[in-house]
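The values are calculated or read from the model by the stated rules, or taken from the named source; none is laboratory data. Quantities reported herein were computed from a predicted structural model and do not represent experimental measurements. Neighbour counts are summed over all protein chains in view; Cβ atoms, including those assigned to glycine, are modelled from backbone coordinates with ideal geometry.
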Amino acid sequence: MFQLDDNLLRELGLGDLPAAEKNKMLAHIYETLELRVGMKLAEQMTDAQLDEFEGFIDRNDESGALKWLETNFPDYKQVVADELGKLKAEIKEQAPAIMQATMAEAEDSAQPAPQPPADEPAAPPTSDNP
């Protein structure tokens, strides 16, 4: 269907993120997509269908949930594709800001702690013993 991987991040303009940030971004994309698809499908479900589907989710029965979706909502893959397309467009639009914020954060964490000016003595160490 689709791959949440480095190729997707490159397509979105986020291929130069540090590895840890790539993993966070992929997890965020997955969670956001799952939430949006779930909300879209839930809008179309009766209360009984919603209860039945939630039963699969509560039991962590992913294969059962997928079979149920294929049977009850054969167009669910199109819903996923549509929502992924929307999400990708949003991320592409925000990619420059995401990259800038991530790089600024990386620079801040790489800088050493500020030192007192050379003409001011450093504060003497404190002792817990009187």
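Data table
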quantity	calculated
Options Glu93, Glu105: the member that is modelled with pLDDT of 95 or more and either aliphatic (A, V, I, L, M) or assigned to a helix (DSSP H, G or I) (or both)	Glu93
Ala48 being among the hydrophobic types (A, V, I, L, M, F, W, C), modelled with pLDDT of 95 or more and in a helix (DSSP H, G or I)	yes
Any chance Asp75 is in contact with a helix residue (DSSP H, G or I) (Cβ under 9 Å, 6 or more places away or on another chain) and either surrounded by 14 or more Cβ atoms within 10 Å (Cβ to Cβ) or over 19 Å from Lys22 (Cα atoms) (or both)	no
Residue ID - surrounded by the fewest Cβ atoms within 10 Å (Cβ to Cβ), chosen from residues in the stretch 78-96 that are among the aliphatic types (A, V, I, L, M) and farther than 21 Å from Leu17 by Cα	Ala81
Flag if Leu87 is in contact with a Ser or Thr (Cβ under 7 Å, 6 or more places away or on another chain) and assigned to a helix (DSSP H, G or I)	yes
All positions within the stretch 37-56 that are aliphatic (A, V, I, L, M) and surrounded by fewer than 13 Cβ atoms within 10 Å (Cβ to Cβ)	Met39, Ala42, Ala48
Close pairs (7 angstrom Cβ cut-off, 6 or more residues apart or separate chains): surrounded by fewer than 18 Cβ atoms within 10 Å (Cβ to Cβ) in the stretch 8-36, among the small types (Gly, Ala, Ser) anywhere	Gly13/Ala95; Pro18/Ala106
Enumeration of residues in the stretch 73-96 that are in contact (Cβ under 8 Å) with a residue 24 or more places away in the chain and more than 20 Å from the chain's Cα centre (by Cα)	Phe73, Tyr76, Lys77
